[in-house]
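The values are calculated or read from the model by the stated rules, or taken from the named source; none is laboratory data. None of the values given here were measured: they were computed from a predicted structure. Ideal geometry is used to build each Cβ from the backbone, glycine not excepted, and the neighbour counts take in all protein chains shown.
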C-alpha cells in the first residue's frame with residue numbers, strides 16, 4: 001500500500017461525510033420537533049432527547065472523528081471511553097449534589113414565620 005493510500009484510508013470519503021451529516025441533521029430535528037409540538041409528556045421528551053444526544057455523539061465519533069475498533073484507533077478509543085466515564089461521574093455528581101442541596105436546604109414557604 002502506498003503512502004497516499006494509507007493517508008487517505010484514515011480520512012472519510014464524501015459519501016461517509018454526507019451520511020454523517022444527514023444523520024446529524026435527522027438526530028437534531030427529531031428532538032426539536034418533539035419539544036416544539038409537545039407530542040410527548042415531559043419525562044418521555046427528556047428521555048428521547050437524551051437518547052438522541054447519545055446516538056448523535058456516536059455518529060460524530062464514527063463519521064467525523066473516524067473512531068472505530070481497529071488496532072490503530074485502540075488508544076483513541078480508550079481515551080474516549082475514559083473521557084466518557086469522567087464526564088458521567090462529573091455530571092452525575094453535580095446533579096446529585098444540586099438535587100440534595102435543593103431538597104435539604106430549601107425551606108417550605110409556609111414554615112417561615114413573619
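Listed values, structure above:
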read-out: Qualifying residue in the stretch 79-86 (condition: in contact with a helix residue (DSSP H, G or I) (Cβ under 6 Å, 6 or more places away or on another chain) and in a helix (DSSP H, G or I)); value: no
read-out: Only listed residue being modelled with pLDDT of 90 or more, in a helix (DSSP H, G or I) and outside the structural domain of residue 91 (by TED's automatic domain parsing), chosen from 18, 8; value: 18
read-out: Those residues of the stretch 50-64 which are surrounded by 16 or more Cβ atoms within 10 Å (Cβ to Cβ) and touching a helix residue (DSSP H, G or I) at 6+ places or on another chain (Cβ under 6 Å), in sequence order; value: 52, 56, 59, 63
read-out: Subset tally (residues that are outside any helix (DSSP H, G or I) and touching a helix residue (DSSP H, G or I) at 6+ places or on another chain (Cβ under 6 Å)) for the stretch 40-49; value: 1
read-out: Condition broken by residue 67, with the remaining ones in (1) without any contact (Cβ under 8 Å) to a residue 12 or more places away in the chain; (2) surrounded by 10 or more Cβ atoms within 10 Å (Cβ to Cβ) satisfied; value: (1)
read-out: Test: residue 91 is within 13 Å of the chain's Cα centre (by Cα) and surrounded by 11 or more Cβ atoms within 10 Å (Cβ to Cβ); value: no
